[in-house]
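Quick notes on the structure that follows.
The values are calculated or read from the model by the stated rules, or taken from the named source; none is laboratory data. Predicted model, so just to flag it, every value in this text is computed and none were measured. Every residue, glycine as well, gets a Cβ built from its backbone with ideal geometry; the counts of neighbours run over all protein chains shown. Accessible surface areas use protein heavy atoms only, side chains included; no ligands, DNA or RNA. Shrake-Rupley method; radii C 1.70, N 1.55, O 1.52, S 1.80 Å.
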Amino acid sequence: MKSKMKKVIWIAVLVISVTTILGIPSLMAEVEEWDPADWDEDKLASFDLGLIDEDDHIEISEDELVIDKSKAIEVEDDNTMSTQSYYSVDGDRMYFTDMLTNDDPDDWWFFTLDEERSFLFELESNQTDYYIQLYLVDWDTGNAYETSVGSTPNRLYAGDHIPEGDWALRVYSNDQLGDAYTIKMNAANPAGAVGLVSRSASLLYAALSYDNGDIYFNGDYIANFSGDNSHLDWERRYHFSWDGNYNQRTHTVSSVKIRNISSPVSYQSQYASSSNALLIYLDIGTLFMHHESYFRSGPPTQYESSFVDTIGLITPRRLDQDDFEHWGDHILVYDTENNETIDFFSVLNYYYASGVERTPTINFLQ
(Lines give C-alpha, C1' and ligand atoms only; values in the text may rest on other atoms or scores of the structure.)
Protein backbone atom coordinates (compact mmCIF):
# COMPACT_ATOMS: atom_id res chain seq x y z
CA MET A 1 0.00 0.00 0.00
CA LYS A 2 1.42 3.40 -0.94
CA SER A 3 2.15 5.83 1.84
CA LYS A 4 1.71 8.92 -0.30
CA MET A 5 -1.37 9.47 -2.40
CA LYS A 6 -1.78 11.66 -5.45
CA LYS A 7 -5.05 12.99 -4.17
CA VAL A 8 -5.07 15.79 -1.62
CA ILE A 9 -8.40 15.80 0.11
CA TRP A 10 -9.66 18.05 2.83
CA ILE A 11 -12.61 16.81 4.80
CA ALA A 12 -14.51 18.85 7.35
CA VAL A 13 -15.37 16.92 10.47
CA LEU A 14 -18.14 18.38 12.60
CA VAL A 15 -17.55 17.74 16.27
CA ILE A 16 -20.88 18.37 17.89
CA SER A 17 -21.50 19.37 21.47
CA VAL A 18 -24.92 20.20 22.73
CA THR A 19 -25.43 22.52 25.65
CA THR A 20 -28.59 23.77 27.26
CA ILE A 21 -28.98 27.45 28.04
CA LEU A 22 -32.24 28.50 29.60
CA GLY A 23 -33.72 25.22 28.42
CA ILE A 24 -32.98 26.00 24.72
CA PRO A 25 -30.64 23.51 22.91
CA SER A 26 -27.84 25.13 20.95
CA LEU A 27 -25.28 23.56 18.59
CA MET A 28 -21.56 24.34 18.78
CA ALA A 29 -19.47 23.16 15.80
CA GLU A 30 -15.70 22.98 15.58
CA VAL A 31 -14.15 22.23 12.17
CA GLU A 32 -11.10 19.95 12.08
CA GLU A 33 -9.25 19.33 8.80
CA TRP A 34 -7.69 15.96 8.05
CA ASP A 35 -6.03 14.57 4.96
CA PRO A 36 -5.81 10.81 4.25
CA ALA A 37 -2.95 11.52 1.82
CA ASP A 38 -0.81 12.48 4.82
CA TRP A 39 -1.42 9.26 6.73
CA ASP A 40 1.64 7.19 7.56
CA GLU A 41 1.96 3.53 6.57
CA ASP A 42 0.67 2.25 9.91
CA LYS A 43 -2.53 4.25 9.58
CA LEU A 44 -3.11 3.06 6.03
CA ALA A 45 -2.25 -0.52 6.99
CA SER A 46 -5.01 -0.50 9.59
CA PHE A 47 -7.49 -0.75 6.70
CA ASP A 48 -5.62 -3.65 5.07
CA LEU A 49 -6.55 -6.78 7.03
CA GLY A 50 -5.50 -9.19 4.31
CA LEU A 51 -7.36 -12.24 3.05
CA ILE A 52 -7.41 -15.29 5.26
CA ASP A 53 -5.87 -18.38 3.61
CA GLU A 54 -5.82 -16.60 0.26
CA ASP A 55 -3.14 -18.94 -1.08
CA ASP A 56 -4.34 -22.03 0.77
CA HIS A 57 -5.93 -23.88 -2.14
CA ILE A 58 -7.78 -27.05 -1.20
CA GLU A 59 -9.13 -29.23 -3.98
CA ILE A 60 -12.60 -30.68 -3.43
CA SER A 61 -12.58 -34.36 -4.39
CA GLU A 62 -15.31 -35.52 -6.77
CA ASP A 63 -14.17 -39.14 -6.66
CA GLU A 64 -16.82 -41.74 -6.05
CA LEU A 65 -16.93 -42.94 -2.47
CA VAL A 66 -16.40 -46.71 -2.84
CA ILE A 67 -17.52 -49.13 -0.11
CA ASP A 68 -15.59 -52.39 0.08
CA LYS A 69 -17.79 -54.96 1.81
CA SER A 70 -15.00 -57.52 1.61
CA LYS A 71 -13.19 -55.47 4.22
CA ALA A 72 -15.56 -55.66 7.16
CA ILE A 73 -14.77 -55.16 10.83
CA GLU A 74 -17.20 -56.33 13.47
CA VAL A 75 -18.37 -53.55 15.76
CA GLU A 76 -20.49 -53.70 18.87
CA ASP A 77 -22.65 -51.21 20.69
CA ASP A 78 -21.18 -49.19 23.53
CA ASN A 79 -22.31 -51.72 26.15
CA THR A 80 -19.74 -54.28 25.03
CA MET A 81 -17.08 -52.23 23.28
CA SER A 82 -14.40 -50.43 25.26
CA THR A 83 -15.40 -46.85 26.00
CA GLN A 84 -11.77 -45.92 25.49
CA SER A 85 -12.07 -46.66 21.79
CA TYR A 86 -15.75 -46.03 21.07
CA TYR A 87 -17.10 -42.51 20.70
CA SER A 88 -20.58 -41.64 19.50
CA VAL A 89 -20.64 -38.08 18.18
CA ASP A 90 -23.89 -36.14 18.26
CA GLY A 91 -24.19 -33.94 15.17
CA ASP A 92 -22.30 -33.36 11.95
CA ARG A 93 -19.09 -31.83 13.33
CA MET A 94 -16.38 -33.00 15.68
CA TYR A 95 -13.17 -31.74 17.27
CA PHE A 96 -11.54 -33.97 19.86
CA THR A 97 -8.08 -34.84 21.14
CA ASP A 98 -7.07 -38.35 22.20
CA MET A 99 -4.11 -40.75 22.20
CA LEU A 100 -3.35 -44.22 20.88
CA THR A 101 -1.62 -46.53 23.36
CA ASN A 102 -0.88 -50.24 23.75
CA ASP A 103 -4.07 -50.59 25.79
CA ASP A 104 -6.08 -48.45 23.38
CA PRO A 105 -4.58 -48.82 19.88
CA ASP A 106 -7.71 -48.31 17.82
CA ASP A 107 -10.25 -45.47 18.14
CA TRP A 108 -13.64 -45.35 16.44
CA TRP A 109 -15.63 -42.11 16.09
CA PHE A 110 -19.24 -42.82 15.08
CA PHE A 111 -21.66 -40.28 13.60
CA THR A 112 -24.93 -40.23 11.65
CA LEU A 113 -26.01 -38.06 8.73
CA ASP A 114 -29.68 -37.67 7.83
CA GLU A 115 -28.94 -36.48 4.28
CA GLU A 116 -26.09 -36.36 1.76
CA ARG A 117 -23.46 -33.75 2.61
CA SER A 118 -20.09 -32.38 1.60
CA PHE A 119 -17.40 -33.71 3.89
CA LEU A 120 -14.20 -32.35 5.48
CA PHE A 121 -11.93 -34.13 7.93
CA GLU A 122 -8.35 -34.05 9.16
CA LEU A 123 -6.20 -36.05 11.55
CA GLU A 124 -3.64 -33.82 13.22
CA SER A 125 -0.66 -35.52 14.87
CA ASN A 126 3.11 -35.52 15.07
CA GLN A 127 3.03 -39.31 14.67
CA THR A 128 3.33 -40.10 10.96
CA ASP A 129 2.38 -43.77 11.52
CA TYR A 130 -1.18 -42.80 12.42
CA TYR A 131 -3.95 -43.11 9.85
CA ILE A 132 -7.61 -42.11 9.59
CA GLN A 133 -10.12 -44.16 7.59
CA LEU A 134 -13.82 -43.69 6.84
CA TYR A 135 -16.17 -46.66 7.35
CA LEU A 136 -19.83 -47.25 6.56
CA VAL A 137 -21.53 -48.80 9.61
CA ASP A 138 -24.37 -51.34 9.38
CA TRP A 139 -25.73 -51.78 12.88
CA ASP A 140 -28.12 -54.52 11.71
CA THR A 141 -25.21 -56.79 10.81
CA GLY A 142 -22.81 -55.32 13.36
CA ASN A 143 -20.22 -54.61 10.68
CA ALA A 144 -18.24 -51.57 9.60
CA TYR A 145 -17.17 -51.55 5.95
CA GLU A 146 -14.01 -49.82 4.77
CA THR A 147 -14.39 -47.08 2.16
CA SER A 148 -12.00 -45.56 -0.34
CA VAL A 149 -11.64 -42.43 1.78
CA GLY A 150 -8.72 -42.13 4.19
CA SER A 151 -5.76 -39.91 4.96
CA THR A 152 -2.39 -39.63 6.65
CA PRO A 153 -1.89 -37.01 9.40
CA ASN A 154 -1.98 -33.27 8.77
CA ARG A 155 -3.68 -33.53 5.38
CA LEU A 156 -7.14 -32.05 4.99
CA TYR A 157 -9.56 -34.21 3.05
CA ALA A 158 -12.41 -32.38 1.31
CA GLY A 159 -15.07 -34.35 -0.55
CA ASP A 160 -18.14 -33.18 -2.43
CA HIS A 161 -20.40 -35.92 -1.07
CA ILE A 162 -20.95 -38.45 1.68
CA PRO A 163 -24.35 -40.21 1.62
CA GLU A 164 -26.80 -40.23 4.49
CA GLY A 165 -26.35 -43.06 6.93
CA ASP A 166 -24.26 -44.29 9.84
CA TRP A 167 -20.52 -43.71 9.57
CA ALA A 168 -17.31 -44.00 11.55
CA LEU A 169 -13.88 -42.43 11.35
CA ARG A 170 -11.33 -44.95 12.56
CA VAL A 171 -7.97 -43.75 13.91
CA TYR A 172 -5.23 -46.36 14.15
CA SER A 173 -1.48 -46.78 13.77
CA ASN A 174 0.54 -48.68 11.22
CA ASP A 175 3.37 -49.05 13.74
CA GLN A 176 4.25 -46.64 16.55
CA LEU A 177 1.86 -45.76 19.40
CA GLY A 178 1.90 -43.38 22.35
CA ASP A 179 1.33 -40.03 20.65
CA ALA A 180 -1.64 -37.70 20.90
CA TYR A 181 -3.85 -36.78 17.95
CA THR A 182 -6.68 -34.40 17.17
CA ILE A 183 -9.59 -35.47 14.99
CA LYS A 184 -11.53 -32.79 13.12
CA MET A 185 -14.60 -33.15 10.94
CA ASN A 186 -17.27 -30.95 9.32
CA ALA A 187 -20.19 -32.44 7.40
CA ALA A 188 -22.61 -29.55 7.95
CA ASN A 189 -22.83 -28.21 4.39
CA PRO A 190 -24.89 -29.48 1.44
CA ALA A 191 -23.46 -32.01 -0.97
CA GLY A 192 -21.94 -30.89 -4.24
CA ALA A 193 -19.38 -28.34 -3.02
CA VAL A 194 -16.77 -27.27 -5.55
CA GLY A 195 -14.58 -25.02 -3.38
CA LEU A 196 -13.51 -24.39 0.19
CA VAL A 197 -14.01 -20.68 0.87
CA SER A 198 -12.78 -20.60 4.46
CA ARG A 199 -12.55 -22.71 7.59
CA SER A 200 -11.57 -22.44 11.21
CA ALA A 201 -8.54 -24.32 12.51
CA SER A 202 -10.83 -26.80 14.30
CA LEU A 203 -13.07 -27.38 11.23
CA LEU A 204 -16.06 -26.66 13.46
CA TYR A 205 -16.76 -23.79 11.07
CA ALA A 206 -16.48 -24.07 7.28
CA ALA A 207 -17.77 -22.10 4.30
CA LEU A 208 -18.06 -23.91 0.96
CA SER A 209 -18.90 -22.73 -2.57
CA TYR A 210 -21.00 -24.38 -5.26
CA ASP A 211 -21.27 -24.43 -9.08
CA ASN A 212 -23.99 -21.78 -9.12
CA GLY A 213 -21.91 -19.40 -6.99
CA ASP A 214 -23.75 -20.08 -3.73
CA ILE A 215 -21.80 -19.92 -0.47
CA TYR A 216 -22.90 -21.97 2.54
CA PHE A 217 -21.54 -21.68 6.06
CA ASN A 218 -22.21 -24.66 8.35
CA GLY A 219 -25.36 -25.45 6.41
CA ASP A 220 -26.71 -21.91 6.17
CA TYR A 221 -26.89 -19.96 2.92
CA ILE A 222 -24.73 -16.84 3.14
CA ALA A 223 -24.45 -15.23 -0.31
CA ASN A 224 -23.62 -15.78 -3.98
CA PHE A 225 -20.35 -14.89 -5.69
CA SER A 226 -22.12 -13.58 -8.79
CA GLY A 227 -25.83 -13.31 -8.00
CA ASP A 228 -28.23 -11.11 -6.06
CA ASN A 229 -26.96 -10.30 -2.57
CA SER A 230 -29.55 -7.70 -1.60
CA HIS A 231 -29.91 -9.38 1.81
CA LEU A 232 -26.36 -8.15 2.56
CA ASP A 233 -27.22 -4.46 1.99
CA TRP A 234 -26.05 -2.23 4.84
CA GLU A 235 -27.08 1.24 5.97
CA ARG A 236 -25.96 3.40 8.84
CA ARG A 237 -27.86 6.64 9.34
CA TYR A 238 -27.23 9.34 11.91
CA HIS A 239 -29.89 12.06 12.33
CA PHE A 240 -29.93 14.69 15.04
CA SER A 241 -32.66 17.33 15.10
CA TRP A 242 -33.77 20.17 17.35
CA ASP A 243 -36.17 23.11 16.94
CA GLY A 244 -36.62 22.54 13.19
CA ASN A 245 -32.84 22.12 12.60
CA TYR A 246 -30.94 18.93 11.85
CA ASN A 247 -27.59 17.27 11.10
CA GLN A 248 -27.54 13.95 9.25
CA ARG A 249 -25.02 11.49 7.84
CA THR A 250 -25.83 8.32 5.87
CA HIS A 251 -23.68 5.44 4.57
CA THR A 252 -25.05 2.65 2.37
CA VAL A 253 -23.49 -0.43 0.76
CA SER A 254 -25.52 -2.34 -1.83
CA SER A 255 -25.21 -4.41 -5.01
CA VAL A 256 -22.64 -6.44 -3.10
CA LYS A 257 -19.87 -8.14 -5.08
CA ILE A 258 -17.81 -10.66 -3.10
CA ARG A 259 -14.07 -11.23 -3.38
CA ASN A 260 -13.67 -13.59 -0.44
CA ILE A 261 -15.07 -14.53 2.96
CA SER A 262 -13.05 -15.06 6.11
CA SER A 263 -13.33 -17.84 8.63
CA PRO A 264 -15.60 -16.84 11.55
CA VAL A 265 -14.58 -14.15 14.00
CA SER A 266 -15.76 -12.42 17.12
CA TYR A 267 -16.21 -8.75 16.28
CA GLN A 268 -16.41 -5.76 18.60
CA SER A 269 -16.65 -2.12 17.58
CA GLN A 270 -18.18 0.93 19.20
CA TYR A 271 -21.10 0.57 16.78
CA ALA A 272 -21.69 -3.18 16.47
CA SER A 273 -20.69 -6.53 17.92
CA SER A 274 -21.07 -10.24 17.21
CA SER A 275 -19.73 -13.40 18.82
CA ASN A 276 -19.88 -15.23 15.47
CA ALA A 277 -19.43 -13.15 12.33
CA LEU A 278 -17.99 -13.49 8.85
CA LEU A 279 -15.87 -10.82 7.21
CA ILE A 280 -17.14 -10.40 3.66
CA TYR A 281 -14.39 -8.86 1.54
CA LEU A 282 -16.03 -6.71 -1.13
CA ASP A 283 -15.01 -6.64 -4.76
CA ILE A 284 -15.00 -4.18 -7.66
CA GLY A 285 -18.53 -3.16 -8.64
CA THR A 286 -20.03 -2.93 -5.17
CA LEU A 287 -22.17 0.21 -4.83
CA PHE A 288 -21.31 2.72 -2.09
CA MET A 289 -22.99 5.96 -1.05
CA HIS A 290 -22.07 8.59 1.53
CA HIS A 291 -24.25 11.63 2.16
CA GLU A 292 -24.09 14.36 4.79
CA SER A 293 -26.25 17.44 5.18
CA TYR A 294 -27.41 20.01 7.66
CA PHE A 295 -30.29 22.48 7.87
CA ARG A 296 -30.67 25.63 9.99
CA SER A 297 -34.08 27.24 10.13
CA GLY A 298 -32.49 30.63 10.68
CA PRO A 299 -32.78 33.37 10.24
CA PRO A 300 -31.04 33.16 7.90
CA THR A 301 -32.06 29.73 6.59
CA GLN A 302 -29.03 27.54 5.81
CA TYR A 303 -28.76 24.20 4.03
CA GLU A 304 -25.73 22.23 2.85
CA SER A 305 -25.58 18.80 1.27
CA SER A 306 -22.63 16.69 0.08
CA PHE A 307 -22.28 13.26 -1.55
CA VAL A 308 -18.46 13.35 -1.37
CA ASP A 309 -16.89 10.37 0.39
CA THR A 310 -13.86 10.29 2.68
CA ILE A 311 -11.35 10.07 -0.17
CA GLY A 312 -12.90 12.95 -2.12
CA LEU A 313 -15.00 11.09 -4.70
CA ILE A 314 -18.67 11.74 -5.46
CA THR A 315 -21.13 9.02 -4.52
CA PRO A 316 -23.16 6.96 -5.22
CA ARG A 317 -20.37 5.15 -7.03
CA ARG A 318 -19.13 1.62 -7.59
CA LEU A 319 -15.86 0.52 -6.01
CA ASP A 320 -13.05 0.39 -8.56
CA GLN A 321 -9.50 -0.95 -8.74
CA ASP A 322 -8.05 2.17 -7.12
CA ASP A 323 -10.14 1.60 -3.99
CA PHE A 324 -8.38 -1.72 -3.45
CA GLU A 325 -4.87 -0.82 -4.63
CA HIS A 326 -4.57 2.34 -2.53
CA TRP A 327 -7.10 2.21 0.28
CA GLY A 328 -7.00 -1.27 1.77
CA ASP A 329 -9.86 -3.71 2.30
CA HIS A 330 -13.55 -2.88 2.23
CA ILE A 331 -15.36 -5.34 4.45
CA LEU A 332 -18.95 -6.03 5.40
CA VAL A 333 -19.36 -7.72 8.78
CA TYR A 334 -22.09 -10.37 8.67
CA ASP A 335 -23.55 -11.67 11.93
CA THR A 336 -24.26 -15.39 11.36
CA GLU A 337 -26.48 -15.72 14.43
CA ASN A 338 -28.99 -13.05 13.34
CA ASN A 339 -28.31 -13.33 9.59
CA GLU A 340 -27.69 -9.64 9.03
CA THR A 341 -24.92 -7.24 8.05
CA ILE A 342 -23.93 -5.21 11.10
CA ASP A 343 -20.96 -3.05 10.06
CA PHE A 344 -18.76 -1.78 7.23
CA PHE A 345 -15.04 -1.67 7.98
CA SER A 346 -13.37 0.55 5.39
CA VAL A 347 -11.59 3.86 4.90
CA LEU A 348 -14.86 4.88 3.22
CA ASN A 349 -16.65 4.61 6.54
CA TYR A 350 -16.41 8.15 7.92
CA TYR A 351 -16.41 7.00 11.55
CA TYR A 352 -13.31 4.81 11.14
CA ALA A 353 -11.48 7.05 8.67
CA SER A 354 -11.87 10.15 10.86
CA GLY A 355 -10.97 8.32 14.06
CA VAL A 356 -14.32 9.19 15.66
CA GLU A 357 -14.61 5.47 16.35
CA ARG A 358 -11.74 3.12 17.17
CA THR A 359 -10.58 0.29 14.92
CA PRO A 360 -12.70 -2.80 15.75
CA THR A 361 -11.35 -5.72 17.73
CA ILE A 362 -11.38 -8.90 15.64
CA ASN A 363 -10.51 -12.38 16.92
CA PHE A 364 -10.71 -15.49 14.78
CA LEU A 365 -12.71 -18.36 16.25
CA GLN A 366 -11.17 -21.80 16.60
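Annotations
- Shown for region 207-332: the carbon plus sulfur share of the solvent-accessible area, taken with all protein chains present and a 1.4 angstrom probe, equals 48%.
- A full extension of the chain between ILE284 and SER226 corresponds to an added length of 19.7 nm, given 0.36 nm per residue minus the alpha carbon distance.
- Computed magnitude of the charge dipole of region 114-231 (debye, nearest 20; Cβ of K, R +1, Cβ of D, E -1): 420 debye
- Shown in residue order for region 132-141 are the 3J(HN,Hα) couplings computed by the Karplus curve 6.51 cos²θ - 1.76 cosθ + 1.60 at θ = phi - 60°: 10, 9, 8, 10, 8, 10, 10, 6, 5, 8 Hz (x for Gly and Pro).
- Available extension along the chain between THR128 and THR141 is 1.4 nm, counting 0.36 nm per residue and deducting the alpha carbon span.
- For region 129-229, accessible area per residue (1.4 Å probe, heavy atoms of protein chains only), Å²: 35 Å²
- At a probe radius of 1.4 angstrom, the accessible area of region 233-289 per residue rounds to 37 square angstrom.
- Accessible area per residue for region 292-334 is 47 Å², calculated with a 1.4 Å probe on protein heavy atoms, without ligands, DNA or RNA.
- Taking amide H as placed 1.01 Å from N in the peptide plane, TYR210 has its amide H under 5 Å from the amide H of VAL194, each at least 5 places away in sequence or on another chain.
- Taking packing as the residue-averaged number of other Cβ atoms within 10 angstrom, the listed peptides 161-174, 182-195 run from highest to lowest as 182-195, 161-174.
- R0 of 51 Å, Cβ-Cβ distance GLU235-GLU62: FRET efficiency to nearest 0.05: 0.80
- Couplings 3J(HN,Hα) of region 176-182, computed from phi: 6, 10, x, 10, 6, 8, 10 Hz, in residue order, whole Hz [Karplus 6.51 cos²θ - 1.76 cosθ + 1.60, θ = phi - 60°; x for Gly and Pro].
- Student exercise, region 147-192 dipole from Lys, Arg, Asp, Glu Cβ charges, in Debye to nearest 20: 120 debye
- Each residue of region 65-72 is assigned a 3J(HN,Hα), and the resulting list reads 7, 9, 9, 9, 6, 7, 10, 10 Hz, derived from the Karplus form 6.51 cos²θ - 1.76 cosθ + 1.60 (θ = phi - 60°), x at Gly and Pro.
- Cα-centred dipole magnitude for region 190-324, charges only on beta-carbon of K, R (+1) and D, E (-1), debye, nearest 20: 220 debye
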